[in-house]
Structures are given as C-alpha cells and as structure tokens.
Amino acid sequence: MPASSNAAVVEVKHLTKHFPIKKGLFIRKQTGAVRAVDDVEFEIRDGETLGLVGESGCGKTTVGRVILGLESPTSGSIMFRGDDLTKQSPAKLRALRRDMQIVFQDPYGSLNPRMTVESIVMEPMEIHGVGSASERKARVAELLEKVGLDPDYRKRYPNEFSGGQRQRIGIARALALNPKLIICDEPVSALDVSVQSQVVNLLQDLQHELGLTYLFISHDLSVVKHISDRVAVMYLGKIVEIAPKSELYANPLHCYTQALLSAIPLASTGPRRKRIILQGDVPSPLNPPSGCRFHTRCPNAQSRCRSEEPAPTEVSPGHIVACHRYC
Amino acid sequence: MNQSAHEQRALLEVENLTTCFDTEDGLVTPVDSVSFSIGLGETLGLVGESGCGKSVTSLSIMRLIPTPPGRIASGRVILDGEDLLKKSVHEMDEIRGCKASMIFQEPMTSLNPVFTVGNQIIETIMRHQKVNKVDARARAVEMLKLVGIPSAESRLDDYPHQLSGGMRQRVMIAMSLSCNPKLLIADEPTTALDVTIQAQILELLESLQEQLGMSVLLITHALGVVAEVADRVAVMYAGQIVEEADTESLFSSPVHPYTLGLLQSIPKLDEERDRLQTIEGVVPNPLKMPAGCRFHPRCAHAQERCKVEAPALRAIADGHNVRCWLANPSPSGGER
C-alpha cells in the first residue's frame, strides 16, 4: 500500500456546505440552514484510499458531492492536484473534472434504463470529446472486460443485469476517462454479501492496476476497514477523528468512534466485547448542539463540552481527533 | 441457552412448507419444503441473501401471501398445537397481532402516515382485547415506555413522520408486543437503521424477550446480527434450508460450502485479509433452478453426483443439519 509521504491529490480546507431553508410564498426569506458539512479538513494522498464513515445524515455524501462540484461549497477550499476547484472558471472546471469520477450507491437508479450499456459507458467520452467513434467503441469493450463483464453484453439494457453487474457497469463508466480520483459513494451497500465481496475485490484490483485514488464513503465500518488506508469518521457535519486504518481500529480515541465500533455486530461467536449503547438519536443538523456536537450522546461529556467546540488535534503522527479529552 | 427448552417443547413447528407463485413466465417456488421449529423463548435466526425465500417463509407462516398469484402449496405450520394453514380467514385475524405478530423491515412505510402512533397501537389492543379506550390508551403508554420512548404520553399523539427511524421501529415493536404474543417474527428489523440505532434496537429486543418470554423468528441477511442475537441459525439458499445448527457451531464450524462462503466473504473487524473470498456467480433464477444440489454451479467442491442428485437435509451432529453430499456425519463436523 502507498507510503504516507505521497503528494496529496485532494486537499480540503475549512470546507462548509449549508443548505438554506427558505420560508414565505413570495418573499423567500432564509429562516435557517441545514449545516450538512461544517468546517471539514482532510487530504487524500496519491494512490491511497481514504474511508469516510458515519451514520446517515452526517454529511459524508455531501462532502463527496462538493468535491466533485455537484454542489457548490458555502465556503472553504478544495485543492485538486494544485488547482483550487472553488476558484476555477466553468470551462477549466469541466476539464479538471475529467480526472475525478463517482460511483453511486444505487445500481438501479444510477443507470439510465433507456440506454444500452455501451452508450452508458461511452457517454463520458462523448461529453468530453475523447477519441473517434471507433476508438470509443474499442474503449468500451476494453472497459467492460476490465470490470469483468462480457463485451458481448454491450448492446443490452441495465434491466437485464443483476445488482452486482450493474455496479460493474457504473465502475466502467467511472473509469472511461482514466480518472485520478474516484469517489465511491456507498458502492457496495445495496449488494448482497457474496456479491459485495466481488465488487470490493474489483475496486482493489483496479486501484493496483491503474494507480487510482479513492474516497470511499460508507456506513459499513467492516468494509471500510478492509479497503481503506486511512479512515475519517464524521458526525453531524464534522470530522471527529481521522487516522491510519490500523491505528483507528486498534486505538479509537473519540467516544463516538468507540461507540460506533462497539456497535457493529460481529459474525463470530468469540467472547463478546463490551457494547457501548449510545442513548438517543442523532440531533438535527438544522440546529446542532453547541460546543462538541456529540456531547448530547457522549457518555463522558463534561461541562466544557457543552460550551466549547473542541479543535482537531494531532495526538500521534497522522491521528487527529476533535475531543476535549485529548487537547 | 434455550437448547434444552427447545427440546422440551416447540412453540412453532414448520413442516415441509412449500409456497409457489404463478408468474407470467411460469411457476416459481420461492419456498420449497422448508421445515424448522422454534422452542419456547428461543430465537431462531433465518439468514440468506435477497431472493432466497426467507421473507416469503415468514409471510407464509402468517398467511399473508397474496393469493393469487401466490399460494401455500403444501406443508403444516403448527403454532402452539394448532395448524395455522387450516385456519379460516377470520380465525387468522384473531391470531395475527395477538398470538403471533410481526415487525417489518421498513419502519418508514409500515406505519400509517395519516393516523397518530397512539391511534394505531390502541387499534391493535382494542381489536384483540376486551378493554375500553381509556384502558387501551394506558396500555399503549405502558408499551411505549417499555420500548424506551421518552415522554410516552405526548409521543402517543405524534404522527409517524414526527419520529426518527429508530423511534418508528420502537413504535412497531411496541405495537407488535401490545397483546403479549407468543411468537414474534422480526423481518429485517434493523436493516434500515444506522449501526448505533441498530445496537439499541437489538438490545431492546433481547431484553424484552427475557422479560416477556416470547419466541422470536429473526429474519435477516446480516450474519453479524444473527451471531449476536440468535440461539439457533438456519441458512437458506434458493428456497431451501441448507444448514441449521446452534449459533455457536454454525459460526465456529460451518459445513455447507455456501455457509462457509458467506462467512468468508464478509470483511471482519477482528482480522486482516488482503483479499476477500467470494462466491463466484449469482443466485440462480427461480424459474430455472439447477438440477441436483441448487448450489452446485457456484460450489468449488461440486462433484458429478451434486449435478444430478439433490441432497436431503441430514443430521451430521446433534442438532446440526446440512444439505450437502460432502458433509460427513462426525462430531467435529465438516469435509475439511
């Protein structure tokens, strides 16, 4: 796996995305904002996989979409191989976006049912004007083979494929322009376990072969542990902990990470770990708690946690945690 | 813990249950002579991938199969000494929600959005018990408290959309337990929930089972959930049970190649591996079930016999049944 000294492909600084909430029929006044992503900072290094985990509504998907430019950030900067994506002209941005692609969660909803596999995989090349018609056709066949599909299937429609095969089509489409970075947004969550492992293996093989960099967004901590080099944990729009994989799973520091890890049911009957059961639900991102956002559910919360927001602190090389107990 | 209880008396016995559906392309049999039993106070985990027939099994037990196109072709479902398949529609109405109740996967869609949750729980109570509305309401509050919903009295007047997913699933559990069922069928009760909420709900189900002493049929695709909660496990593949054992033996010494493949294909938190094992191929089309053992096209150990002759579910050890020609009856278990 890649060394930590590799250059950063993506560097996100103070990234914030608020979705405004407007009220009123004619005079639309902003009455509040969903703070989906709030002052998030991380980098993804060349050739590595950064896992981004968190529960539903924590903002992990929004982070991926903002990096790709599918949503514009409220503030902050996103450096992609030296260029700040938030400051580019639309034309330049379009060219830059060739190098980043996304694989979506839902293999049923993310492929147009009226297009053949060939036209789905070819579409990115058409949009970016890559190659002649015959070159594109040859490239589609090559890509399908690469993701483990028979190129003879190229004239078929998505409904003729199983979930795992559709996800392979989605991956082939993401690879069409030879990207540097692929954002995998819950790529295996909709698949059955036996098929899930096939797709995870494929993603790993492609990374080795093509030198890809992944941002792997998932709620499944076991899959993230398997595929990632480093892991970032999000809670209510904030990254609460980020560390190399082995460090994070062996020595989780933030109470939320600890609870999250202990909550996963293990498929074995060895001695039971102590489960930390968090009380309550995730608070609304419309009106997140003051201070540390986790304090309402944290078993170790103190008065300071309610008033003061903990700053991310590097406690050991590469292990950053935002919790008052370690500042 | 309930192995002895199970041997004493079974609450639910399913024998050779077969359910078929007429489709435009022909007859499919999503559940093909499935047999199992659940003891008093026991939790049986029924696991398998999507389309293996686990949900149809549960719907067949509750007689909720839409007819037509579906029908229960044969078998017996004995709940507490009575065959549910011989009951009239009216008699089933009395049993459902009372003696046997069910929690569904989708807490978002299994509650009626136009009625308050209190209304829906009270309806269930008044349908099955001879109580007036005031008592039913008191009982509903008590149930909501039991499942750990804070300020239960005021929550009773909330509509489902005002509650989070975890809270809705708690309401579903409260509703299904309001008449003290003997059997609770939980069909993927935590699949739609986040891990921390899943842990809450699983712990709640476990403690409620201890308090109320009901039997649980837990249907899920998550092997981890089964390992934590179930006393015994039955693994389904393509409409049949392929392996059945107590949880300890199933996870420590799985015998059927499919069970083994499933266990090896999930990444585990407590071990490091470079590559995940996979089960090649896909689940067979129910219209074209393979001859012989249904798993043979995907099985690495398949032999000539597996392709032509279908294996029966055989006991290889006490309480450990396997549907595989290669399984040897030995106490240590397994062909490896």
* To do: Please find, among B:206, B:210, B:243, the residue that is more than 7 Å from chain A (Cβ to nearest Cβ) and either touching a Cys at 6+ places or on another chain (Cβ under 7 Å) or within 16 Å of residue B:327 (Cβ to Cβ) (or both).
  => B:243
* Could you please let me know if residue A:157 is over 30 Å from residue A:319 (Cβ atoms), among the hydroxyl-bearing types (Ser, Thr, Tyr), more than 11 Å from chain B (Cβ to nearest Cβ) and touching a Ser or Thr at 6+ places or on another chain (Cβ under 7 Å)? => yes
* Asked: When region B:41-52 is examined, which residues are found to be crowded, with 23+ Cβ neighbours inside 10 Å, away from every other protein chain (no Cβ under 14 Å) and not hydrophobic (A, V, I, L, M, F, W, C)?
  -> B:42
* To do: Could you tell me whether region B:146-154 includes any residue that is touching a Lys or Arg at 6+ places or on another chain (Cβ under 7 Å) and farther than 29 Å from residue B:46 by Cα?
  => yes
* **Enumeration of residues in region A:224-236 that are outside any strand (DSSP E or B), over 13 Å from the mean Cα position of the chain (by Cα) and either more than 19 Å from residue A:8 (Cβ to Cβ) or aromatic (Phe, Trp, Tyr) (or both)** => A:225, A:226, A:236
* To do: Working only within region B:168-192, note down all residues that are out of contact with any strand residue (DSSP E or B) (no Cβ under 8 Å at 6 or more places or on another chain), surrounded by fewer than 24 Cβ atoms within 10 Å (Cβ to Cβ), touching a residue at least 40 places away in the same chain (Cβ under 8 Å) and over 18 Å from residue B:58 (Cβ atoms).
  => B:168
* In this structure, is residue A:231 surrounded by 19 or more Cβ atoms within 10 Å (Cβ to Cβ), at the interface with chain B (Cβ under 8 Å from one of its Cβ atoms) and β-branched (Val, Ile, Thr)? -> no
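I'd like the full set of residues that are surrounded by fewer than 18 Cβ atoms within 10 Å (Cβ to Cβ) and not aromatic (Phe, Trp, Tyr), limited to region A:101-123.
A:106, A:109, A:112, A:113, A:114, A:115, A:116, A:119, A:123
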* Structure fact -> Going through region B:222-245 in order, the residues found to be closer than 28 Å to residue B:197 by Cβ, of a type outside the set (Gly, Ala, Ser) and touching a strand residue (DSSP E or B) at 6+ places or on another chain (Cβ under 8 Å) are B:223, B:225, B:226, B:229, B:231, B:232, B:233, B:235, B:236
* Structure fact -> Out of (1) assigned to a loop (DSSP other than H, G, I, E, B); (2) of a type outside the set (Lys, Arg); (3) surrounded by fewer than 19 Cβ atoms within 10 Å (Cβ to Cβ), the one residue A:149 does not meet is (3)
* Looking at (1) within 12 Å of chain A (Cβ to nearest Cβ); (2) touching a residue at least 40 places away in the same chain (Cβ under 8 Å); (3) in a helix (DSSP H, G or I), find the lone condition where residue B:201 falls short. => (2)
* To do: Of all residues in region B:257-272, count the ones that are touching a Leu at 6+ places or on another chain (Cβ under 9 Å) and more than 7 Å from chain A (Cβ to nearest Cβ).
  => 3
* To do: Can you confirm whether region B:26-40 contains a residue that is modelled with pLDDT of 90 or more, surrounded by 15 or more Cβ atoms within 10 Å (Cβ to Cβ) and within 14 Å of chain A (Cβ to nearest Cβ)?
  => no
* **Meets criteria (among the small types (Gly, Ala, Ser) and within 24 Å of the chain's Cα centre (by Cα)) for residue A:95** => yes
* Is it the case that residue A:49 is within 25 Å of residue A:99 (Cα to Cα), within 14 Å of chain B (Cβ to nearest Cβ) and either crowded, with 22+ Cβ neighbours inside 10 Å or under 13 Å from the mean Cα position of the chain (by Cα) (or both)? -> yes
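With the requirement that a residue be within 12 Å of another protein chain (Cβ to nearest Cβ) and either of a type in the set (Val, Ile, Thr) or not in a loop (DSSP other than H, G, I, E, B) (or both), what does region B:283-303 give you?
B:283, B:298
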* Asked: Which of the residues spanning region A:231-274 are under 22 Å from residue B:220 (Cα atoms) and in contact (Cβ under 8 Å) with a residue 60 or more places away in the chain?
  -> A:260
* Structure fact -> Going through region A:263-302 in order, the residues found to be within 22 Å of the chain's Cα centre (by Cα) and among the small types (Gly, Ala, Ser) are A:263, A:284
* Asked: Only one of B:227, B:327, B:312, B:238 is away from chain A (no Cβ under 12 Å), of a type outside the set (Ser, Thr, Tyr) and under 25 Å from residue A:188 (Cα atoms); which?
  -> B:238
* **Options B:242, B:226, B:235; residue that is in contact (Cβ under 8 Å) with a residue 24 or more places away in the chain, more than 21 Å from residue B:32 (Cβ to Cβ) and buried (at least 23 other Cβ atoms within 10 Å of the Cβ)** => B:226
* To do: State which residue is nearest to residue B:92 (Cα to Cα) when the search covers only region B:129-180 and only residues that are assigned to a helix (DSSP H, G or I) and in contact with a Pro (Cβ under 7 Å, 6 or more places away or on another chain).
  => B:172
* Residue ranges of strands (runs of 3 or more DSSP E) in region B:17-128 with at least 1 members in contact with a His (Cβ under 9 Å, 6 or more places away or on another chain) -> B:26-39, B:43-47
* Tally the residues that are in contact (Cβ under 8 Å) with a residue 60 or more places away in the chain and of a type outside the set (Gly, Ala, Ser), restricting the search to region B:74-103. => 9
* **Verdict on residue B:278 being touching a residue at least 60 places away in the same chain (Cβ under 8 Å), touching a helix residue (DSSP H, G or I) at 6+ places or on another chain (Cβ under 9 Å) and either within 13 Å of chain A (Cβ to nearest Cβ) or more than 23 Å from residue B:19 (Cβ to Cβ) (or both)** => no
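The values are calculated or read from the model by the stated rules, or taken from the named source; none is laboratory data. Predicted, not measured: the structure shown is a model, and the values here were computed from it. Positions of Cβ are generated from backbone atoms using ideal geometry, with glycine treated the same way; all protein chains shown enter the neighbour counts.
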